[in-house]
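Some notes on the structure that comes next.
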Amino acid sequence: MSGQSLLATGLRIINVGLDGFARDLSRAGIPVSHVDWAPPAKGDARLAGFLAKLDGDPAIDAANKEALARFLKAEPVLIDVVRADTVLQGLGDRTILHAGPPIEWDRMCGPLRGAIQGAIVLEGWAPDLDAAEKLAASGGIKFAPNHHYGAVGPMTGMITRSMPVLVVENRGFGNRAYCTLNEGLGKVMRFGGNDDSVLARLRWLASDLGPALAAALKLSGGLALKPIIARGLSMGDEMHQRNVACTSLFVRTMAPWLARAVPDSEKLAKILEFCGGNDQFFLNVAMAMGKSIADPVKGVAHSTLVTAMCRNGTDFGIRVAATGDRWYVAPVEQPRGLYFPGYTEADANPDIGDSAIVETIGLGGFAMAASPAVAGFVGAGSASEALDITRSMVDISAGRNPDWTIPGLDFAGVPVGIDVRRVVETGIAPLINTGIAHRKPGIGQVGAGTVRAPLACFVQALEALAEGK
Amino acid sequence: MSVLANRVRKGFYLDSVALMRLSQSVSSLPGVASAAMMIGTPSNLRILDEAGLLDAEGRKAGPNDLVVAVRGRSADEAKAALDGSDKLLSRPPEQAGPKGARNPRSMDAAIAALGGANLALISVPGAFAGSEARKALSRGLNVMIFSDNMPAEEERALKLFARDKGLLVMGPDCGTAMIAGVPLAFANAVPQGEIGIVAASGTGLQEVATLIARAGSGVSHGIGTGGRDLSEKVGALTTLAALDALDADPATKRIVIISKPPAAPVAKIVLERVAKSPKPHVICFLGADAFDMPKNARHAATLEEAAALASGPVPDAFDAAKIAAEWTKRLPASRRFVRGVYSGGTLCAEAQTILRKAGASFWSNAPIPGAMATKPESGHVLIDYGADEYTLGRPHPMIDPTLRDAGIVAGLDDPNVAAILVDIVIGTGANDDPAEHAANAVAAAKSRDAVVIACVTGTDLDAQNRAAQVRTLEEAGIVVAPSNAAASRLAIAIAQR
């Protein structure tokens, strides 16, 4: 578009500043899009300088194009369920993988400690929870983030060697990612639960559910996930807070294969009951899928797009494509939401879990417009507000995913590819839908709501990217 | 002591998030200690039980039933809360969500939403205007920068960046443009035509374009350059780019250039560029003495002359001599001076050129060469109320003429003032009814001894409608001249009677 051709073609105007100019123009029938402008980086001159430096860089624009293309080229397929230590390289004895960025025992929150105690007993590394606590506190256990092993886990995100994990293969790139099976609602290890009922359920997942799903998936040839997500979005799921549609679609699709794989009808009934009776069953599938989609974006040189967001209940960490495995870490925020009877905000643990991987690929809070019911957790809770939440995530995203559309937004695609530059520029932090754990270990989920990724993570990443230039 | 009460609604389903929100509403009813509404699945019943909210009635609920559980201070209050919950369930409150679509917060999102964007109109505070403009240019957009207070070095750098990309930067401090008939910022609705205008001055562009329109011609494009484009620091970069664009534009047959007198080396560059053009030019370097023109260019001393040379004069039955004669009879002998109360800086400058030509000594806060250095106790005074000292922390007088209105009143009530010059500028961005403002000011003055002479910069196509503005002014006893130059000539003639 040159100055000359400006005179020859009809004006299409971006109005930055006084909204009266936009009003006059649109009244005159001129196509205009008004930017609700605020000083970049909330007026921080140093950050604005970094933004200016990174903004006109053609290498970054090209890299982000490539990164976005990788997000969109993904072909995730759920292919198997296997014992964790058969696929997670180096996951051996006395190693526990957890959600979020790296953290030592001393700084861990209550639910994470509670879950670790339970996992130790589950693996037989200590006879009881007290002994497990002593073992963990004395340095007898190696802790590492799931993300370091190509895996993710919801809330506390426990993965130990004997646990069954879902295997999602991204056939666009050939990589695989892993996530545990969802334990259901109520008292569960992902919320820090660790009593006998929790451990018994985990044992059943390993002995019955995992092998049954593995057999069924093999018979079926694997489950293509992109189309299921697309249908789920049109049925009111956003794949973080709400997975009822995708869980139903999953059970409906897998039921015949499970029937063929599990000849004992009572065992089969229990499996179907468990999966179908847990609206969040599909969450873990979506998470493994998210990890499989985001991983090929990691390492795209110069790209400012986010490849992971996760929390360990103390810290929030993000990774950015250009800087590969490096974490940018800041204190997690407190979720805001609604509470189960008998609980209040005072009981709530700070934000926790790897589940923000679904926001990283454009679902969850980014797809809020698909899920008006979930918008009830935020602000006034109106459906129109849900639309605006997705629109605000468009502001910080590199593009949209045309395969995953939202009916309420005239079938526009979900926003995808969080650009660190846009987050710092607008001051809009990614919105994450989340469950809320009790701050004490062993109690479990007490509510659900939303939380913002801390801006500080994105500021650190921006600084690192600017220094690298 | 508190009382627990449960009520079961058979065969009822509502989304759990909706139920949690309703539970909050019930909890906030008077006398309610805690409340919960849940579908009676076994796990939910367990949760209610553990919270101490389940009684014998609630225990009977099945997975297709709703349990409403309330713990109240008294049995009556618990029952009232249960009734309240029934009401909430049968008529969920309408959500008061935000109305209308949300605007994007980043330029990229706006560009993606609009599609095919080709111009960014930037009116953010000056300190940020440069980076926003650069952002737009790097995304291939032409730019109009309404914002001012941008350092000249930054302006030059932006314009060089734009030149490399073949893009146009209008501004900074560009208040007016009219591209292919589209009025931008402070601009007028003008018919499309053959005359292209390049102007370093917003009101200059408005005055010339509207005079051209009223003479029955039209404007192809009016390109603003920003007030400093022809300075030595900036070197006419936008003016040159605009001349390139207009030369290449088949709709443009003639070109008018409007600016304050540029520095000599810059004038030379511009005139050399004009000489290369195949199209005839009219050049108004307002306030400059006559100078050597290229063969294809004519010099205009005033905006009025520039418009007339481009399109012919505006037909008007205005009889200045008759009005001057009438007021010569009426005016008290002490009233001998012109008072200009302007909202448009270039119109104020044009008035000064006319006073200078009439041999009058005058003072202005926005002076042209030849103006008095210090303000006289009494004398010809022309004030630009759009100058920085009047607009700091206040809207521009074209948007809110209140301060300028006070200038009208003060002029009428000053026993030395013979004629008050007022510019009424209409069009987009401007006040909805500036004529009404001026009329009210005249009515508010104690004295009606001086003549108030207005010009109305605008057309009948503008939302305020020029004819309607003229009517309002004339009904208030204000003389309306066909142009600012005509108004100025009349004012100084009356003052010098």
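Here B:M170, B:M150 are screened, and the one residue that is under 17 Å from A:R12 (Cβ atoms), at pLDDT 90 or above, surrounded by 20 or more Cβ atoms within 10 Å (Cβ to Cβ) and not hydroxyl-bearing (S, T, Y) is B:M170.
Considering each residue of the range B:329-364, count those that are aliphatic (A, V, I, L, M) and crowded, with 23+ Cβ neighbours inside 10 Å, and give that number. Break it down stepwise before answering.
Within the range B:329-364, the first condition is being aliphatic (A, V, I, L, M), and the residues that meet it are B:331, B:333, B:338, B:341, B:347, B:349, B:351, B:354-355, B:358, B:360.
Add one more test, that the residue is crowded, with 23+ Cβ neighbours inside 10 Å, and what stays is B:338, B:341, B:347, B:349, B:351, B:354-355.
Residues in the range B:329-364 being aliphatic (A, V, I, L, M) and crowded, with 23+ Cβ neighbours inside 10 Å: 7 in total.
Checking each residue of the range A:77-87 against the condition of being among the hydroxyl-bearing types (S, T, Y) and touching a residue at least 60 places away in the same chain (Cβ under 8 Å) gives no match.
For the range A:374-398, name all the residues that are under 30 Å from A:A115 (Cα atoms), at the interface with chain B (Cβ under 8 Å from one of its Cβ atoms) and among the small types (G, A, S). Full working, then the answer.
So the first thing to find is which residues in the range A:374-398 are under 30 Å from A:A115 (Cα atoms), and the list is A:374-378.
If we keep only those that are at the interface with chain B (Cβ under 8 Å from one of its Cβ atoms) too, we end up with A:374, A:376-377.
A:G376 - this is the single residue of the range A:374-398 that is under 30 Å from A:A115 (Cα atoms), at the interface with chain B (Cβ under 8 Å from one of its Cβ atoms) and among the small types (G, A, S).
Is it true that some residue in the range B:206-213 is closer than 17 Å to B:S343 by Cα and of a type in the set (V, I, T)? Write out each step before concluding.
Taking the range B:206-213 first, the residues closer than 17 Å to B:S343 by Cα are B:206-208, B:210.
If we keep only those that are of a type in the set (V, I, T) too, we end up with B:208, B:210.
Yes, that holds for at least one residue.
Please enumerate the residues belonging to the range B:380-415 that are in contact with a strand residue (DSSP E or B) (Cβ under 6 Å, 6 or more places away or on another chain) and assigned to a loop (DSSP other than H, G, I, E, B). Within the range B:380-415, B:M398 is the sole residue that qualifies. Has the range A:329-350 got at least one residue that is under 22 Å from A:M239 (Cβ atoms) and of a type in the set (S, T, Y)? Among the residues of the range A:329-350, not one is under 22 Å from A:M239 (Cβ atoms) and of a type in the set (S, T, Y), which makes the answer no. Annotation: of all residues in the range A:418-461 being within 11 Å of another protein chain (Cβ to nearest Cβ) and within 30 Å of A:V121 (Cβ to Cβ), the one that is farthest from the chain's Cα centre (by Cα) is A:I443.
Every listed requirement among (1) modelled with pLDDT under 95; (2) out of contact with any Lys or Arg (no Cβ under 9 Å at 6 or more places or on another chain) is met by B:K322 save one, (1). Among the residues of the range A:340-369, those identified as in contact (Cβ under 8 Å) with a residue 40 or more places away in the chain, within 14 Å of chain B (Cβ to nearest Cβ) and buried (at least 20 other Cβ atoms within 10 Å of the Cβ) are A:F340, A:F366, A:M368, A:A369. For residues in the range B:204-242 being hydroxyl-bearing (S, T, Y) and closer than 21 Å to B:A120 by Cα, which is surrounded by the fewest Cβ atoms within 10 Å (Cβ to Cβ)? Checked the range B:204-242; the qualifying residue surrounded by the fewest Cβ atoms within 10 Å (Cβ to Cβ) is B:S220. In this structure, is A:A380 aliphatic (A, V, I, L, M) and modelled with pLDDT under 95? Criteria met by A:A380. For A:S303, the criteria (1) closer than 27 Å to A:A67 by Cα; (2) hydroxyl-bearing (S, T, Y); (3) within 14 Å of chain B (Cβ to nearest Cβ) hold in every case but one, which is (3). Filtering the range A:356-395 to residues that are polar (S, T, N, Q) and closer than 13 Å to A:R452 by Cβ leaves only A:S392.
Taking the options A:Y328, A:Y339, name whichever one is over 30 Å from A:K298 (Cβ atoms), in contact with a strand residue (DSSP E or B) (Cβ under 6 Å, 6 or more places away or on another chain) and not hydrophobic (A, V, I, L, M, F, W, C). First the steps, then the outcome.
On the way: A:Y328 fails: over 30 Å from A:K298 (Cβ atoms).
Just a single option satisfies the conditions, and that option is A:Y339.
Search the range A:88-103 for residues that are within 18 Å of A:L122 (Cα to Cα) and not assigned by TED's automatic domain parsing to the domain that holds A:T314 and pair each with any residue that is in a loop (DSSP other than H, G, I, E, B) and of a type in the set (A, V, I, L, M) when their beta-carbon atoms are under 6 Å apart and the residues are at least 6 apart or on different chains. Here the result reads A:R94/A:I141; A:I96/A:I141, each pair linking the range A:88-103 to a residue that is in a loop (DSSP other than H, G, I, E, B) and of a type in the set (A, V, I, L, M). Every residue in the range A:405-433 that is hydrophobic (A, V, I, L, M, F, W, C), more than 11 Å from A:A369 (Cα to Cα) and crowded, with 24+ Cβ neighbours inside 10 Å, please. Answer for the range A:405-433, where residues must be hydrophobic (A, V, I, L, M, F, W, C), more than 11 Å from A:A369 (Cα to Cα) and crowded, with 24+ Cβ neighbours inside 10 Å: A:V416, A:I418, A:V420, A:V423, A:V424, A:I432.
When the residues of the range B:278-328 are filtered to those that are under 15 Å from B:L490 (Cβ atoms) and surrounded by fewer than 12 Cβ atoms within 10 Å (Cβ to Cβ), the one that is nearest to the chain's Cα centre (by Cα) is B:A317. Right, B:A18: at pLDDT below 85 and either in the same structural domain as B:D83 (by TED's automatic domain parsing) or under 55 Å from the mean Cα position of the chain (by Cα) (or both) or not? Judged against the criteria, B:A18 is a match. Looking across the range B:108-153, not a single residue is acidic (D, E), at the interface with chain A (Cβ under 7 Å from one of its Cβ atoms) and touching a residue at least 40 places away in the same chain (Cβ under 8 Å).
Whenever a residue of the range B:32-52 is at the interface with chain A (Cβ under 10 Å from one of its Cβ atoms) and over 20 Å from A:D279 (Cα atoms), its partners that are surrounded by 20 or more Cβ atoms within 10 Å (Cβ to Cβ) and among the polar types (S, T, N, Q), lying with C-beta atoms within less than 8 angstrom and at least six residues away or across chains, give the pairs B:A35/B:S23; B:A35/B:S85; B:A36/B:S23.
So, of the residues in the range B:96-107 that are facing chain A (nearest Cβ under 7 Å) and at pLDDT below 90, which turns out to be surrounded by the fewest Cβ atoms within 10 Å (Cβ to Cβ)?
Narrowing the range B:96-107 to residues facing chain A (nearest Cβ under 7 Å): B:96-98, B:102-107.
Add one more test, that the residue is at pLDDT below 90, and what stays is B:96-98, B:102-103, B:106.
On the way: B:A96: 9, B:G97: 16, B:P98: 13, B:R102: 17, B:N103: 18, B:S106: 25.
So the residue we want is B:A96.
Could you check, for the range A:196-210, whether at least one of its residues is in contact with a Lys or Arg (Cβ under 9 Å, 6 or more places away or on another chain), more than 18 Å from B:S43 (Cβ to Cβ) and of a type in the set (S, T, N, Q)? No, that holds for no residue.
A:A62 meets all of the listed conditions (1) more than 8 Å from chain B (Cβ to nearest Cβ); (2) farther than 21 Å from A:T426 by Cα; (3) touching a Gly at 6+ places or on another chain (Cβ under 9 Å) but one, namely (3). Only residues that are part of a helix (DSSP H, G or I), polar (S, T, N, Q) and either in the same structural domain as B:T302 (by TED's automatic domain parsing) or under 24 Å from B:A306 (Cα atoms) (or both) were counted in the range B:470-496, giving 2. Residues in the range B:456-476 that are within 21 Å of B:R335 (Cβ to Cβ) and touching a strand residue (DSSP E or B) at 6+ places or on another chain (Cβ under 6 Å): B:L473 alone.
If the requirement is being among the polar types (S, T, N, Q), in the same structural domain as B:L54 (by TED's automatic domain parsing) and crowded, with 19+ Cβ neighbours inside 10 Å, which of these qualifies: B:S34, B:S25? Can you show your working first?
Working: B:S25 fails: crowded, with 19+ Cβ neighbours inside 10 Å.
One residue alone meets the criteria, B:S34.
Output the number of residues of the range A:1-39 satisfying the condition of being more than 7 Å from chain B (Cβ to nearest Cβ) and crowded, with 21+ Cβ neighbours inside 10 Å. Of the residues in the range A:1-39, 3 are more than 7 Å from chain B (Cβ to nearest Cβ) and crowded, with 21+ Cβ neighbours inside 10 Å. Note on the range A:15-65: residues that are touching a helix residue (DSSP H, G or I) at 6+ places or on another chain (Cβ under 6 Å), among the aliphatic types (A, V, I, L, M) and either over 15 Å from B:D108 (Cα atoms) or not in a helix (DSSP H, G or I) (or both) total 6.
The values are calculated or read from the model by the stated rules, or taken from the named source; none is laboratory data. The model shown is predicted, which means the values in this text are computed figures rather than measured ones. When we count neighbours, we look across all protein chains shown, and the Cβ atoms used for this are built from the backbone with ideal geometry, even at glycine.
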